[in-house]
Structures are given as structure tokens and as C-alpha cells.
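Q: Please read through the structure below; I'll follow up with questions.
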Amino acid sequence: MDFSLSEEQHLFRKVVHDWVENECPKNKSRDIEAQEFEYPFELWDKMSEAGFHAVGLPEELGGAGGDTVTQMILTRELARSLAGLTWIFGISSFCAKSINAFASDPVREELIPKLAEGRTKVAISVTEPAGGTDLMGAMRTRAVKTDGGWRINGQKIWSTAAHVSDYLFLMARTEDSPEKTSKGVTLFLVPNPSEGLSTRQIPKLGMRAVGSCEVFLDDVFVPDEYVVGERGLGFYHMLSTLNNERTMVGALCTGILDGVLEDAVAYVSEREAFGRKIGGFQILQHYIADIAMWRQQAELITYYAAWKADQGEDCGLEANMAKVVCSEYAGRAADLGIQMLGGMGYAAETNMQRYWRDARLYRIGPISNEMARNGIAESFGLPRSF
Ligand SMILES: Cc1cc2nc3c(=O)[nH]c(=O)nc-3n(C[C@H](O)[C@H](O)[C@H](O)COP(=O)(O)OP(=O)(O)OC[C@H]3O[C@@H](n4cnc5c(N)ncnc54)[C@H](O)[C@@H]3O)c2cc1C
């Protein structure tokens, strides 16, 4: 059994760590996040210059190569400072991998080089107003075949960065499938702007600079070539995307645990009460020890899910576990972090409140922890509970 990163991965981790310290240290991330509704284009461009969008994409199409573990190292290092803002990279990364896996060769050749260079942005538009957990049962958006393409009508919700993205990676029903709602849905790349397509940002608790949007589709035309994968099998194609997304949530939350631990140790090492540093009080030391143990577990479970994906094995169960474990530990850690900082933990001028707000999302999306637990329990042969 070998738990170590390769030399190349160690080096990459250090490069990203230094990049974060130079380009988006915690206080800068805090300022960016505070600008509600102002998408951080400058940060995106810096990530493009650094080559981050190319990680995990094939070299022959302008990507940088790199396995899933490398993608997670990058996500974690960014999240130590950026927390939820990391998702501006995350969405683009897992969507690009899916486009590469399932789009036609001409579309791959057109889009992968642009995605790798950061010249094109993609948002994922799956969830609908009627429900994200019962995704297939709630899906009302329909695509109807027409000359040379499809006409799409419907509405999506919570599509993060849809307002600034060049394409929406969107799922729509193309056939009614009475026996199985997971059949008869198809994946599309919807160019943005398109006639009949509009978005509206939803004010929210965390990752505020990265708008999450309602998307309205009124007879939007999508050419045939922008159908991704096989017609009617969109849900099944999406499974590998979702596994990668969930593992990335694990990595993002591990990065939040890194940031919380670092800030908490720094604060209790300086702050004084009763004539001594508060880091000398046993209960605060126990809080630190708990966060350190949670981080260790988060790291192992995330890298294990990524490693399984790199072996070409099904990592659905491990991705679900990583998503649940890491989101819950990150939230608990940020909560204790606020406690250790006392009143300053509640102040907008420290980062702890940002970690806490951002971590909260990941118990809800991209799959709720209740639904992820349903899947984990079912893998032990228990009957479906819903
Ligand atoms: C900030 C933010 C960003 C997002 N970004 C995106 C994005 O980019 N693209 C996208 O497509 N979506 C996105 N989402 C949507 C996200 O994936 C959904 O919010 C999530 O899947 C939950 O769906 P819902 O909100 O409709 O809750 P619901 O499905 O209505 O669930 C409500 C509650 O019921 C529980 N529940 C439902 N069914 C069961 C069951 N069978 N067993 C146990 N409990 C159950 C859920 O766990 C939850 O607690 C985002 C959401 C947020 C808040």
C-alpha cells in the first residue's frame, strides 16, 4: 500500500500553493467573494495563464494531461484560500472532462483547446425548479427535434456561472420513458447567448461572486452537432461527470479544512486570555486536534476516490462517501473555527465566516447528503427507500 504522492504531484502541489499565495491569498479571496454578482473575470484569466483549466485534458487537444489525483490536488490547494470560489475552476474542469469523453470529434476538436486555454467557459444546467434530488422525476425541460437541430423549452435553476458561460451543458427530456425516468433524456451544449435564452442570478449565502442562476429557455435552437453523447442516454453519460464533481467537492472541502486549521492555529497561538495564549487551553487544543483528524480522513477518502477513478474503476460509492464526509467535516471545522476566534470569527473581516458559509452548500449540492447516503446504503443490498 502506497499513500504517497508522486514527485511530480508534490512539485505541482507546491507550485499551486505558491501561486495561491501570490495571486489570491485569503484576504484577496475574501474581498473578491464580498463583491456579490461581480464574477471574478480577473481570477479566471489568471487561472488560464497558469494553465489550470488544461489539467486533466488530453495533450493532443491542447490540454496538460494529468490524472484525477492531480485535478484534486489543484482543487484542494485553490480551496485553502478560495473556498467556494474554487468552483469557478471546478465546474469548467469536470464539464470539460465530460465533453471530452462524450462529445463528437469535431466538437471536441473545436472546444477542448478553447476550454484548456480558458477562452471558453461552460456551466452545468441540470437542476430544475421542481426538484434537484428527484432530478429525473422533476425534469420538465423538453427538447423537440427540428430541421438541423433541436428546440428547447423549459427552465433550470441554480446553474452556477451560467450568466457568464459560453455554453450550458444542459440536460433535457427528448422522449417520454414511462418505465424509467432516467431514460429519454439527452445532453446538449447550448450556446450562450442564443435567442430565447436568459438568466437571472439568485442572491445567496456563500460563494457570492460566482452567480448561481435561473435559466429560462424559450424555444432555444441548438444545432445537431451540439448533442453530447447518445440521444436518450444523457443520464447515464452524466454519471461519470457526477462522480468527478463529487470527488472534487471532497477535494474542495479538504482545502477548506486546510484553511480553517491554518487560521485557527495562527489565531489561538497569538490571542491571549487570563495572561496566557488561548492555544494553551486544553479544550481549544482538542478542537484543533479534531479538525486535524477530520482533515486527515477527508484527504484519504478523497484521494482514494480519485485514485480509483484513475485505475479505470467505478468510483461512484467512494465519490459519494468523499462528498458526504468532507462536506460535513468542513462545516463542523469552520463552525469550531468561528468559536475559537470568538467575536472575530463572526466578523466579515476574517475568513472563518466565509469558510463556514461556503462549506454549508456542499451538504446540499451537487447531491444532498441524504440522497448520497441513500446510495451508500443501497450499495449494501438494502432496498431503495424512495
Ligand atoms: C449555490 C448552489 C449552486 C448550485 N449549482 C448548481 C449547478 O451549477 N448546476 C445544477 O444543475 N445545479 C446546481 N445546484 C443545485 C443542487 O444540485 C440542488 O440544490 C440539490 O441537488 C438539491 O436539490 P433541491 O435544491 O431541489 O432540493 P430538493 O430536491 O427539493 O430536496 C429538499 C430536501 O429533501 C431531501 N430529500 C429529497 N428526496 C429525498 C429522499 N429520497 N431521501 C431523503 N431525503 C430526500 C433532500 O435531501 C433535501 O434535504 C446548486 C445549488 C446551490 C444551492
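Bear in mind that the values in this text are calculations on the coordinates, not laboratory data. If you're wondering where the values come from, they're calculated on a predicted model, not measured in any experiment. Here the Cβ positions follow ideal geometry from the backbone for every residue, glycine too, while neighbour counts run over all protein chains shown.
Q: Report the label-to-label distance for Q285 and Q311 in nanometres (one decimal), using points 7 Å from each Cα along the Cα→Cβ vector.
A: Here the answer is 3.9 nm between the modelled labels.
Q: Checking the table K183/K204; K204/K323; K97/K180; K145/K183 against a 25 Å threshold on Cα-Cα, which pairs fail?
A: K183/K204; K97/K180
Q: Work out the length of the dipole vector of the chain about its Cα centre, built from +1 on the beta-carbon of each Lys and Arg and -1 on the beta-carbon of each Asp and Glu, and round it to the nearest 20 debye.
A: 1160 debye
Q: Right, something else. Give the residue from W356, L170, S29 lying farthest towards the positive end of the charge dipole for the chain; charges sit on Cβ (+1 for Lys and Arg, -1 for Asp and Glu) and the dipole is referred to the Cα centre.
A: W356
Q: Write down Rg/Rh for the stretch 164-271, rounded to two decimals, with Rg from the C-alpha atoms and Rh from the Kirkwood relation over Cα pairs.
A: 1.14
Q: Follow-up question, since we're still on this one. Take the stretch 7-121, compute every pairwise Cα distance, and split them into 5 Å bins from 0; I just need the percent in each bin.
A: The distribution over the stretch 7-121 is 2, 12, 23, 23, 19, 12, 7, 2, 0, given as percents.
Q: Now a separate question. For the chain, can you list the cysteines whose C-beta has no other cysteine C-beta under 4.7 Å from it?
A: Result for the chain is C24, C95, C213, C315, no neighbouring Cys Cβ within the cutoff.
Q: Using 0.36 nm times the number of residues separating E109 and Q296, minus their current alpha carbon distance, what extension gain do you get?
A: Length difference between fully extended and current span is 63.3 nm.
Q: Another question, if that's okay. With point charges of +1 on the Cβ of Lys and Arg and -1 on the Cβ of Asp and Glu, referenced to the Cα centre of the stretch 7-121, which listed residue (V16, L78, S98) lies farthest in the positive direction of the dipole?
A: Result: L78, furthest along the dipole toward the positive end.
Q: In addition: Let me know the volume per residue of the alpha-carbon convex hull for the chain, in Å³.
A: Residue-normalised Cα hull volume stands at 144 Å³.
Q: Using θ = phi - 60° and the Karplus curve 6.51 cos²θ - 1.76 cosθ + 1.60, what whole-Hz ³J(HN,Hα) does each residue of the stretch 145-153 get, with Gly and Pro shown as x?
A: Computed from phi, the couplings for the stretch 145-153 are 5, 9, 4, x, x, 9, 10, 10, 10 Hz.
Q: Quote the charge dipole size of the stretch 7-121 about the Cα centre in Debye, to the nearest 20; the model charges only the Cβ of Lys and Arg (+1) and of Asp and Glu (-1).
A: 320 debye
Q: In addition: Name the residue from Q285, N153, I256 whose Cα lies farthest towards the positive end of the charge dipole of the chain, charges +1 on Cβ of Lys and Arg and -1 on Cβ of Asp and Glu.
A: Among Q285, N153, I256, the one farthest towards the positive end of the dipole of the chain is Q285.
Q: Can I ask one more? Please report the projected area of the stretch 236-378's Cα convex hull averaged over all directions, in nm².
A: If I average the Cα hull's projected area over directions, I get 9.1 nm².
Q: Taking the Cα-to-Cβ direction at D219 and at E8 and moving 7 Å from each Cα, how far apart do the two end points lie in nm?
A: With each label placed 7 Å out from Cα toward Cβ, I get 5.2 nm.
Q: Then there is this: Could you please report the charge total around G65, scoring K, R as +1 and D, E as -1 over all other residues with beta-carbon less than 14 angstrom from its beta-carbon?
A: -4
Q: Let me ask another. Put a dot 7 Å past each Cα toward the Cβ at D147 and E175; how far apart are the dots in nm?
A: Spacing of the two 7 Å Cα→Cβ label points: 2.6 nm.
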